[in-house]
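The values are calculated or read from the model by the stated rules, or taken from the named source; none is laboratory data. These numbers were taken from a predicted model, which means no experiment stands behind them. Here the Cβ positions follow ideal geometry from the backbone for every residue, glycine too, while neighbour counts run over all protein chains shown. Side chains included, ligands, DNA and RNA excluded: accessible areas come from the protein's heavy atoms. Shrake-Rupley method; radii C 1.70, N 1.55, O 1.52, S 1.80 Å.
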Amino acid sequence: MNTTAPATASHRPPAFFADAIRLARKDLLIEFRTRSAFLAATVFAVLAVVIFRFTWDPTAIPAFDLAPGVLWVIFTFSGLLGLNRSFGLEQAERAYDGLLASQMSRESIFAGKVLANLVFVAGVQALTLPAVALFFDLQVGSAWGVLIGIVLCASLGLAAVGTLFAAIAANTRLAELLLPMMTLPFFVPLVIPAAQTSAVILRGQPLDDALPWFKLLLAFDLVFVTACLAVFPFTIEE
C-alpha cells in the first residue's frame, strides 16, 4: 500500500515545478561557470547587428521596416546555439542515463530544460534588443514593455520546440546539423507573427493593429508548448 505513495507524490504539481526548477538551475549554473554557449551566442548576435547596420541603406529601407527582421533572424539563430547544448550537458559520462533513472517525471525534465533555455535566450535578447535600438536609432519609447512581452512570448514557443528536437537529436552523430534542419520549419509559424507584431510596435502604429498577429502568436505558443510537453516522454530513450 505505502510503496506506491512516493511515486504518486512525485507527480503532484508542486513536485513537478520543484523538479523543473532544480534541473533548470543546474543547467544554468553549469552555463554560468563556463559561459561558452552564452558568449558564442552573444558574439554572434552583436556581430550580426554590426553587419546588418553597415550594409543597410537608410535611404532605401526605413529602420523600423528592417529592424524587426534583423531582430528575429538574430534571435532565431543565436537561440539555436544554446539549444544545441541543451542535452549535450548530460552526454558526458552518461549523466543522461542518471537523469532518466531519477524520480523526476519526463514532463518535469522537459519543463526544466525549457525554462533553462528560455533564460538563456532571454539573456541574449537582453543584450541584442538595446544594441539593435542603438545601431538603428529606433525610437521605442514607452513601447518597450510591449515589445519585451512579445519577445518573451515567442521565445517560450521557440524554447519548447527547440528543446523537443534537441532531445531527439542528442543521441545522433550529426546533432549540430540535424537540430537546425528539424527546428527551423517549426520556428516559422512563431517567428512570422512575432516579427509582424514587432514591426507594428516599432512603426508606432496603434496596438490594435498588432492584436491579430499577437493572438496568432499566442495560439501557436499554446499549441506548440502543449504538443511538445505531450510528445517529449516518447522521444527519449531509457
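Taking the stretch 183-193 only, how many residues are in contact with a helix residue (DSSP H, G or I) (Cβ under 7 Å, 6 or more places away or on another chain) and surrounded by fewer than 17 Cβ atoms within 10 Å (Cβ to Cβ)?
0
Report yes if some residue within the stretch 147-164 is touching a Ser or Thr at 6+ places or on another chain (Cβ under 6 Å) and open to solvent by 60 Å² or more (accessible area, probe 1.4 Å); otherwise report no.
no
I'm checking my understanding of the structure. Among residues of the stretch 194-238 that are in a loop (DSSP other than H, G, I, E, B) and charged (D, E, K, R), which one is least open to solvent (accessible area, probe 1.4 Å)?
Among them, the one singled out is Arg203.
Could you list, ordered by first residue, the pairs with Cβ atoms under 7 Å in which the first is in the stretch 166-190 and outside any loop (DSSP other than H, G, I, E, B) and modelled with pLDDT of 85 or more and the second is hydroxyl-bearing (Ser, Thr, Tyr) and open to solvent by 70 Å² or more (accessible area, probe 1.4 Å), at least 6 apart or interchain?
none
Quickly run through the stretch 222-235 and pick out the residues that are in contact (Cβ under 8 Å) with a residue 24 or more places away in the chain and more than 11 Å from Glu107 (Cα to Cα).
Phe224, Val225, Thr235, listed by residue number.
Can you name the condition, by its number, that Val49 falls short on among (1) of a type outside the set (D, E, K, R); (2) more than 17 Å from the chain's Cα centre (by Cα); (3) at pLDDT below 75; (4) open to solvent by less than 40 Å² (accessible area, probe 1.4 Å)?
If we test Val49 against (1) of a type outside the set (D, E, K, R); (2) more than 17 Å from the chain's Cα centre (by Cα); (3) at pLDDT below 75; (4) open to solvent by less than 40 Å² (accessible area, probe 1.4 Å), just (3) comes out false.
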